[in-house]
1. Which ³J(HN,Hα) values, rounded to whole Hz and listed in residue order, are derived for segment 135-147 from phi using the Karplus coefficients 6.51, -1.76 and 1.60 in 6.51 cos²θ - 1.76 cosθ + 1.60 with θ = phi - 60°, glycine and proline given as x?
2. So what is the diffusion coefficient of the chain in µm² per second by Stokes-Einstein at 25 °C and 0.890 mPa s, using a Kirkwood Rh over Cα pairs?
3. Counting other C-beta atoms within 10 Å, which of Tyr171, Tyr127 has the fewest, and how do the rest follow?
4. Report, for segment 72-264, the % of DSSP beta bridges that are antiparallel, rounded to 5.
5. For each of Lys49, Lys97, count neighbouring Cβ atoms within 10 Å of the residue's Cβ, then give the residues from fewest to most.
6. Suppose only helical runs count, i.e. DSSP H with n ≥ 4. What mean residue ellipticity at 222 nm does that imply for the chain under -39500 (n - 2.57) per run, divided by all residues and rounded to the nearest 500 deg cm²/dmol?
7. Could you state the number of Å between the C-alpha centres of segment 85-126 and segment 157-232?
8. Suppose a student asked you for the relative contact order of the chain, using Cα pairs under 8 Å spaced at least 6 residues apart; what percent would you report?
Amino acid sequence: MNNNSPIKAFLVVLVTALVCSSLVSAAVVILRPIQLNNQMVERSRNIIKLTGLVQQGVTPSDEEMLEIYREMDVRILDIDQAMFNDELDPLSFNQRKAVNNPELGVDIPTDQDLAALGRRSRYAPIYMVLKDDGRLDRLILPVHGTGMWSTIYGYIALESDLNTIAAATFYEQNETPGLGDQIMRPEWQAQWVGRRIYDEVGDLRFAVNHGKVEPGSSTWLYEVDALTGATVTGDAVTAMIRYWFGPDGYRDFLDALNRQESGER
Ligand SMILES: Cc1cc2nc3c(=O)[nH]c(=O)nc-3n(C[C@H](O)[C@H](O)[C@H](O)COP(=O)(O)O)c2cc1C
């Protein structure tokens, strides 16, 4: 075929386009599992230490983290319906991006907006650590709220009674160093362990105290010590917990799961 032929030029362009698009498609298919693994590693970093499956002070390798992550039952919760959503992919669902999506996010009525969020995702990824017999060992729930200067992100792990705090972490915030950012201190977060969210009649009692919680006092079971010089951030954390564990947050789901777990026993 003549080199100047328009048909030959067209064929060259067509073959080049086909080869390039096949390469791009192959790359997407090959890289997808790697990308998903990276997403899982990133998420698991903050969650894994709340599972109770890692020794304190030990940093697991990426492979170990992925293994623990895969052993958990990770679901997407429809918060208002208090039931799981099986259509959204728990591995790729991004709760932060969902907030401003018209279908995935929802405005929070001002009178319910304890955590001063304005909007939230309708859905949350939740993480269930299961015992060998398949029953719930721990439930890890994401929380976030507005602090003095920034949005504070954390996870709360509950024991199987769905009330006692097994572990808590605040892993992202931009409060003032030395003041509000004390919420990141491991010693302060360690105080949360064993505290309860609700009292025996189901009232939401958890709070960050404005001083020191005296052992044996009536608030001992439900409160942690204040952060020195940072009452504003401490109050924001209290408000965040009250929002997420209240009727506009996880409360209905926790009640339903409690009924389901005790029914199975
Ligand atoms: C520049 C500046 C930054 C501050 N940052 C924080 C903060 O991140 N979190 C906080 O709770 N209080 C912060 N405060 C202090 C609050 O204004 C407030 O005085 C404090 O929360 C009261 O806590 P206290 O009752 O323990 O003293 C800051 C104050 C100043 C002047």
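1. 7, 5, 9, 9, 10, 10, 10, x, 9, 7, x, 8, x
2. Here the translational diffusion coefficient equals 118 µm²/s.
3. Numbers: Tyr171 15, Tyr127 23.
The order, fewest Cβ neighbours first, is Tyr171, Tyr127.
4. Values: 33 of 35 bridges.
That works out to approximately 95 percent antiparallel.
5. Working: Lys49 24, Lys97 11.
Ordered from fewest to most neighbouring Cβ atoms within 10 Å, Lys49, Lys97 come out as Lys97, Lys49.
6. -11000 deg cm²/dmol
7. Their Cα centres are 24 Å away from one another.
8. On the way: 412 pairs, mean separation 36.2, N = 265.
About 14 percent, as a whole number.
Read-outs throughout are calculated quantities, based only on the coordinates presented, and are distinct from any laboratory measurement. Bear in mind that the values here come from a model prediction, so they are computed numbers and not experimental data. Every residue, glycine among them, receives a Cβ derived from its backbone with ideal geometry; neighbour counts consider all protein chains shown.
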